[in-house]
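*Asks:* Dumping the structure here so I can ask a few things about it.
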Amino acid sequence: MKKIGLLVFVLILVGCGGSVAEQMPLGEDPAPITPIETPAANEAAYTAEANEPGAIAEQLSVIFAEDSNGLDDGVLRLLAAMESHDQPFFQTDASPHGLIAANDVVLLQINVQWAERGGTNTDLIARVIEAILAHPDGFTGEIIIADNGQAQFGSGGRGGELDWSQPNSACREQSTLDVIRNFQADGFRVTGVLWDEFTTVRVAEFSDGDYTDGFFVEDEIRHTGLEISYPKFTTEFGTHVSFREGIWDSETATYDRDRLKVINMPVLKSHMLFQQTGAVKGYMGVVSDRLTQRRSHNSVGTGGMGTLMVYTRMPVLNIMDMIWVGPDRGPASSYASAVEVNMIAASTDPVALDVWTTIHVLIPEAERIPGGRAAAMNPNLDEPGTFGHWLRLSLNEMLAAGYNFTMDENEMLVVRG
């Protein structure tokens, strides 16, 4: 197997109480976790043959899963598994179909509306940034960490925050902003944008001469009930970003759509209305609910997030944070209510990733809670009010647009580290 550049990357982030290397030596196993039972219907996906390089059939949606607590080399192992199965993370001359090129603008779309275990684990965010910076051709692009907490609700009642005083990290002190500033201190082009700050500002595109940070909102309402909206902004490094159109060059007056790459990084958790929040529903962090009179949030139940992904920008990769999951209190998962699972998983298919992680991680934890919502989380159900109902409507939007995604476990290949 080709040895990818990130395997020799030196951990740089100074975290809580010292460097990551001091907290958890590279390669050391994370804390033990409860094994996930392999379902008979998908047993072939776990055979030794299925985990050999080149074993992926083109028609299968592939899910890569690793044990990780965010402080170890779990992300490195996950990306190495992707490379060995012909789904390389890095785009190079040798791997032109890789996901991330050396000069890309990589947007990590995370969860920041809630503190404690409701937001994306900041240790995991740091590991993904380290991996990108270790591009074998030398990373010369920019990394943006962003989300829209809608400037409403959330732990503080005012939406999202990049600098929660009680963040989701091993030490409970390292916020997303801490991660960003630590990389910046070492000279890297890493930045954060809290879209809450301009979620009520309606703007035109750069191509229309509007350089104001804000949200572009379509005039029509789609059949799923979604009025498409997305952020358009300029980073502190002067990069002009349109979530849908790409990177704007003011000198040539053109967009480079292909240079902007989105990595979707949600936390796996329950939801009071929609039963599950993961890769698909996590795209609520892309829209402005305020400018669309809450049509965005209401459309989740009618497939609106599928419409949004199709008609704005599909993530090149979805990384599910399952270090701590929220089977009970959902987005508001506290330190006390969240369950430590110590897993991460990734796939280019957000629907398959949602299905597999919900069945094998979230539901088993929810079943331990008397009176919980485990039954309604079942993606195989199709009754209104269930997770399976709205996810299937979202999938239909993606299938109609030509994305070969699936909810059928028999059409998935799971590669476990």
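The values are calculated or read from the model by the stated rules, or taken from the named source; none is laboratory data. Everything numeric here is computed off the predicted structure, so don't read it as measured data. Methodologically, a virtual Cβ is constructed for each residue, glycine included, from the backbone with ideal geometry; neighbour enumeration extends over all protein chains shown. Note: accessible area is taken over every heavy atom of the protein model, side chains too, but ligands, DNA and RNA are not part of it. Shrake-Rupley method; radii C 1.70, N 1.55, O 1.52, S 1.80 Å.
*Asks:* How big is the C-alpha Rg of segment 295-371 next to the rule-of-thumb value 2.2 N^0.38 Å, as a ratio?
*Replies:* So the Cα radius of gyration is 1.23 times the expected 2.2 N^0.38 Å.
*Asks:* For segment 324-417, which GluC sites (Glu not before Pro) are in a loop by DSSP, counting at most 16 other Cβ atoms within 10 Å?
*Replies:* Counting only loop positions with at most 16 other Cβ atoms within 10 Å, the GluC sites (Glu not before Pro) in segment 324-417 are Glu367.
*Asks:* Between Glu383 and Val217, take the C-beta separation as r, use R0 = 30 Å, and let me know the FRET efficiency to the nearest 0.05.
*Replies:* Result of the calculation: an efficiency of 0.40.
*Asks:* Right, here's the next one. Ratio of Rg to Rh for segment 238-336, alpha carbon only, Kirkwood?
*Replies:* When Rh is taken as the Kirkwood radius, the ratio is 1.04.
*Asks:* Using amide H atoms built in the peptide plane, which far-off residues or other-chain residues are under 5 Å from Phe216 H to H?
*Replies:* Those lying under 5 Å, H to H, from Phe216 are Val203, Tyr230, Lys232.
*Asks:* Something else: Could you go through segment 250-261 in sequence order and give the Karplus-derived ³J(HN,Hα) for each residue, using 6.51 cos²θ - 1.76 cosθ + 1.60 with θ = phi - 60°, rounded to whole Hz, and x for Gly and Pro?
*Replies:* 5, 6, 9, 6, 9, 9, 9, 5, 6, 7, 8, 10
*Asks:* Now for a separate question. Tell me the mean residue ellipticity at 222 nm calculated for the chain from its helices only (DSSP H runs of n ≥ 4, each -39500 (n - 2.57), averaged over every residue, nearest 500).
*Replies:* Computed ellipticity for the chain at 222 nm equals -5000 deg cm²/dmol.
*Asks:* Then there is this: Stretched out fully, how many nm does the piece from Ser165 to Arg181 gain, at 0.36 nm a residue minus the Cα gap?
*Replies:* Residue separation times 0.36 nm, minus the Cα-Cα distance, leaves 4.2 nm.
*Asks:* At 0.36 nm per residue, and after removing the present C-alpha to C-alpha distance, how many nm does the segment from Thr234 to Gln152 gain when stretched out fully?
*Replies:* 27.2 nm
*Asks:* Let me ask something additional. Check the chain and count each lysine pair with an alpha-carbon distance under 23 angstrom, considering only pairs eight or more places apart or from different chains.
*Replies:* Taking the Cα cut-off of 23 Å, the pair count is 4.
*Asks:* Say R0 is 22 Å: what FRET efficiency, to the nearest 0.05, do Ala375 and Asp408 get from their beta-carbon distance?
*Replies:* 0.65
*Asks:* I would also like to ask the following. When the Kirkwood radius is taken over all Cα pairs of segment 66-125, what Stokes-Einstein diffusion coefficient follows at 20 °C and 1.002 mPa s, in µm²/s?
*Replies:* 160 µm²/s
*Asks:* Continuing with this model, one more query. Gln293 to Tyr335: extension gain in nm, 0.36 nm per residue of separation minus the Cα-Cα distance?
*Replies:* Computed gain between Gln293 and Tyr335 is 11.9 nm.
*Asks:* Just need the relative contact order of the chain here, percent rounded to a whole number, with Cα pairs under 8 Å and 6+ apart.
*Replies:* Relative contact order of the chain: 19 percent.
*Asks:* Can you list the chymotrypsin sites (Phe, Trp or Tyr not before Pro) in segment 274-347 that are in a DSSP coil and have 15 or fewer other beta carbons within 10 angstrom?
*Replies:* Tyr335
*Asks:* Report, to the nearest whole %, how much of the accessible area of the chain belongs to carbon and sulfur atoms, 1.4 Å probe, protein only.
*Replies:* Carbon with sulfur: 49 percent of the solvent-accessible area.
*Asks:* Using only the alpha carbons, work out the radius of gyration and Dmax of the chain in angstrom.
*Replies:* In order Rg, Dmax, the Cα atoms of the chain give 19.8, 60 Å.
*Asks:* Could you tell me how far the Cα centroid of segment 324-338 sits from the Cα centroid of segment 113-171, in Å?
*Replies:* Using only Cα atoms to place each centre, the spacing works out to 17 Å.
*Asks:* What is segment 114-220's relative contact order, in percent, from Cα pairs under 8 angstrom and six or more apart in sequence?
*Replies:* Once divided by the residue count of segment 114-220, the mean separation gives 27 percent.
*Asks:* May I ask what percent, to the nearest 5, of DSSP beta bridges between residues of the chain are antiparallel?
*Replies:* The antiparallel fraction comes to roughly 50 percent.
*Asks:* Then there's this: Only loop residues by DSSP count here, and only those with at most 16 other Cβ atoms within 10 Å; note down the GluC sites (Glu not before Pro) in segment 211-289 that meet that.
*Replies:* Passing sites in segment 211-289 are Glu218, Glu220, Glu236, Glu251.
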